[in-house]
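Everything below concerns the one structure shown next.
The values are calculated or read from the model by the stated rules, or taken from the named source; none is laboratory data. Keep in mind it's a predicted model, so treat the numbers as computed, not measured. Note that each Cβ is placed from the backbone with ideal geometry, even for glycine, and that neighbours are counted across all protein chains shown.
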Amino acid sequence: MLTRNQLKNMSKDEVIEEFMKLAEINISLENLDKRFDKLESELAVSRTCSNLLNKRVIQLERDQLQTSQYLRKDSIELNPIPEEIEDGELETAICKALSLSGVQVDPTEIIATHRLRQRDRAIVKFCNRKKRNEVYNKRKDLQHKSQELKELMFKDKLYISESISAENSHL
């Protein structure tokens with residue numbers, strides 16, 4: 001910034017040169033204002049898109065959770081499953097144990113049987129939800145079959161529970 005005394009001591013050409021510099025600075029400021037406005041506008045659009053994408057991700061996670069749980073409707077979990085029962089004999093042993101409840105379960109009515117991470121737990125997926133519900137509803141009849149369960153290498157009790165997704169088990 002020039003003082004009055006400095007301005008008085010300047011020649012006409014020097015004053016014009018200073019005004020030209022000021023004009024260039026003003027043009028630069030106007031350009032920066034325009035770029036700033038454009039960037040603010042782009043940021044607003046980006047935030048809107050981000051919010052929409054976040055909502056979509058939340059909806060997809062909910063849908064995935066519902067689908068995950070729905071796929072488990074044909075399954076039950078059993079525990080404790082003794083380590084002595086080998087994985088190759090697991091399905092047959094479980095069929096025999098479940099039959100103690102009064103519901104005949106044939107291996108052909110089961111899609112898959114396998115141990116869970118906790119080795120004393122197993123999941124059984126039935127071909128038919130009706131058979132699964134029949135077994136689940138008769139689970140209390142196993143409480144009085146401790147001797148028969150021991151003969152099949154199970155412990156005193158065999159607990160049958162709904163198969164719940166990991167996300168829902170935390171609720």
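What the table below lists for this structure:
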{"item": "Pairs, first under 20 Å from Y136 (Cβ atoms) and at pLDDT below 90 in region 51-74, second of a type in the set (V, I, T) and not in a helix (DSSP H, G or I), C-beta under 8 Å, six or more apart", "result": "Q69/I164; R72/I164"}
{"item": "Hey, R62 within 30 Å of N168 (Cβ to Cβ), out of contact with any Phe, Trp or Tyr (no Cβ under 8 Å at 6 or more places or on another chain) and assigned to a helix (DSSP H, G or I) or not", "result": "yes"}
{"item": "Of residues in region 155-171 being assigned to a helix (DSSP H, G or I) and touching a residue at least 60 places away in the same chain (Cβ under 8 Å), the one surrounded by the fewest Cβ atoms within 10 Å (Cβ to Cβ)", "result": "E167"}
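A quick yes/no check of all residues on (1) out of contact with any strand residue (DSSP E or B) (no Cβ under 8 Å at 6 or more places or on another chain); (2) in contact (Cβ under 8 Å) with a residue 40 or more places away in the chain:
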position: L78; (1), (2): no, yes
position: I81; (1), (2): no, yes
position: E89; (1), (2): yes, no
position: C95; (1), (2): no, no
position: V103; (1), (2): yes, no
position: T108; (1), (2): yes, no
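Results for (1) of a type in the set (D, E, K, R); (2) surrounded by 10 or more Cβ atoms within 10 Å (Cβ to Cβ); (3) not in a helix (DSSP H, G or I), shown as yes or no for each residue.
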| position | (1), (2), (3) |
| --- | --- |
| N5 | no, no, no |
| E14 | yes, yes, no |
| E17 | yes, yes, no |
| E24 | yes, yes, no |
| D33 | yes, yes, no |
| D37 | yes, yes, no |
| L43 | no, yes, no |
| T48 | no, yes, no |
| L52 | no, yes, no |
